[in-house]
Amino acid sequence: MSIQQHNESASPAIAARWRFHAGWLTQERIVLLLAVLLFAVFSVGLNGFAARDNLLSLLRGVAVLGILGLAMALVVIGRGIDLSLVAVMAISVAWSLALAASGMSLGMALLVGVAFALVLGVANGLLIAYAEIPALFSTLAMGTFIYGLGRMKLIPLDVVYAPEDAAWFSRIGQGELAGVPLPVLFFLVTAALVATFLRYTRTGRFIYAMGDNYQAARMTGVPVRPLVVLQYAIASCVGCVAGVITAASVGSMNTRIVNSTMIYDVILVVVLGGIGLSGGKGGVRNVLVGTVLIGILLNGMTIMDIQYTVQNVIKSAILLAALVIDSLINPRDEQTAQQGDI
């Protein structure tokens, strides 16, 4: 056999091996490997990072970020986005605590807060699905409106404190079960519910179809408009759950969190984990790995006493890089996906 014939016969096998390795090395696995590597480096190089108290603090913080990431993933998979999520979380829970302070039972006040979040989510969905306002602008305006309405009419102060006699409420954010913080268990339960909804229900499969090709889903009979409303309603309720855990952890809700960079952290978790903004791809596992990586990074930067402004620059750079990679891997339409376009 000549050298040329040998190379020609070997090339299909080499190509097959290359496709196997390229298929295995997905964005999700790359992010997971980076998280493991970063955890190992911080454990060795940062004093106190691997301490039990710090790891518990990391897990608690990761839980809230992860729950918000799950809420964002629900709408991103359907080719949407929700920039009002943190505002819904903060104002609905802060109003609940304000109602409890005025004499209403805390349990009933929290139910009112969840109902309020549901109404806001439905309003978001109606504006996007029926008024056909782009999700980016609709939710951005809604977030500003919610914060202004809450501070003007519903909440007397920037910071609203939880009732001191509600021990069960504090346990939600500060308690443990078998050594595992309860916020982490809430995160895992929420993740399991969202995964089940997306993968094993007809509605969840419709959301993937709608995100993959909105017009094709509509032509095949998928009720796309009601689905959009449902997406944002569920996302707002899940965000409210994250707010309850936040308030229970620190005993208060600071409404100024709406003006923080938290919403960008949530988007970073989703995009970095591998859920494409083009829709129709990804799932709960992507949120989990993205949450772990960002949680480790934020905790490590805090221990290193990196200034908040510098932390924002680092997170912004990572988010920009993730968006560029996402635009290359998951183009939003067929024209941009064509090879050779400039």
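The values are calculated or read from the model by the stated rules, or taken from the named source; none is laboratory data. Just so we're clear, the structure is a prediction, and the values are computed from it rather than from any experiment. Cβ atoms come from the backbone with ideal geometry, glycine included; neighbour counts cover every protein chain shown. These accessible areas exclude ligands, DNA and RNA; they are computed on the full protein's heavy atoms, side chains included. Shrake-Rupley method; radii C 1.70, N 1.55, O 1.52, S 1.80 Å.
Laid out as a table, the results:
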quantity: Residues satisfying the stated conditions in the stretch 29-46, i.e. under 23 Å from the mean Cα position of the chain (by Cα) and open to solvent by less than 30 Å² (accessible area, probe 1.4 Å); calculated: Val31, Ala35
quantity: Which numbered condition Thr261 misses (of (1) more than 13 Å from the chain's Cα centre (by Cα); (2) modelled with pLDDT under 90; (3) farther than 20 Å from Val88 by Cβ); calculated: (3)
quantity: Members of the stretch 124-145 that are farther than 12 Å from Ile263 by Cβ, surrounded by 17 or more Cβ atoms within 10 Å (Cβ to Cβ) and under 20 Å from the mean Cα position of the chain (by Cα); calculated: Asn124, Gly125, Ile128, Ala135, Ser138, Met142
quantity: Breaking point among (1) hydrophobic (A, V, I, L, M, F, W, C); (2) open to solvent by less than 40 Å² (accessible area, probe 1.4 Å); (3) part of a helix (DSSP H, G or I); (4) touching a helix residue (DSSP H, G or I) at 6+ places or on another chain (Cβ under 7 Å), for Phe49; calculated: (3)
quantity: Matching residues in the stretch 146-175 - criterion: being of a type in the set (Phe, Trp, Tyr) and surrounded by fewer than 15 Cβ atoms within 10 Å (Cβ to Cβ); calculated: Trp168
quantity: Yes/no for Leu193 being modelled with pLDDT of 95 or more, out of contact with any strand residue (DSSP E or B) (no Cβ under 9 Å at 6 or more places or on another chain) and not basic (Lys, Arg); calculated: yes
quantity: Filter result (open to solvent by 30 Å² or more (accessible area, probe 1.4 Å) and not in a helix (DSSP H, G or I)) within the stretch 246-257; calculated: Asn254
quantity: Any chance Leu118 is open to solvent by 20 Å² or more (accessible area, probe 1.4 Å) and either out of contact with any Cys (no Cβ under 8 Å at 6 or more places or on another chain) or not in a helix (DSSP H, G or I) (or both); calculated: no
quantity: First in the stretch 24-46 and within 26 Å of Leu323 (Cα to Cα) and touching a residue at least 60 places away in the same chain (Cβ under 8 Å), second anywhere and open to solvent by less than 70 Å² (accessible area, probe 1.4 Å) and among the acidic types (Asp, Glu), Cβ under 9 Å, 6 or more apart; calculated: Gln27/Asp326
quantity: Any chance Leu110 is surrounded by fewer than 20 Cβ atoms within 10 Å (Cβ to Cβ) and out of contact with any Pro (no Cβ under 6 Å at 6 or more places or on another chain); calculated: no
quantity: Some residue of the stretch 269-288 being closer than 24 Å to Ala317 by Cα, among the small types (Gly, Ala, Ser), surrounded by fewer than 18 Cβ atoms within 10 Å (Cβ to Cβ) and out of contact with any Cys (no Cβ under 9 Å at 6 or more places or on another chain); calculated: no
quantity: Residue pairs meeting the criteria (Cβ under 7 Å; at least 6 apart or on separate chains; first farther than 15 Å from Val86 by Cα and in contact (Cβ under 8 Å) with a residue 12 or more places away in the chain, in the stretch 125-147; second among the basic types (Lys, Arg) and assigned to a helix (DSSP H, G or I)); calculated: Ala129/Arg225; Tyr130/Arg225
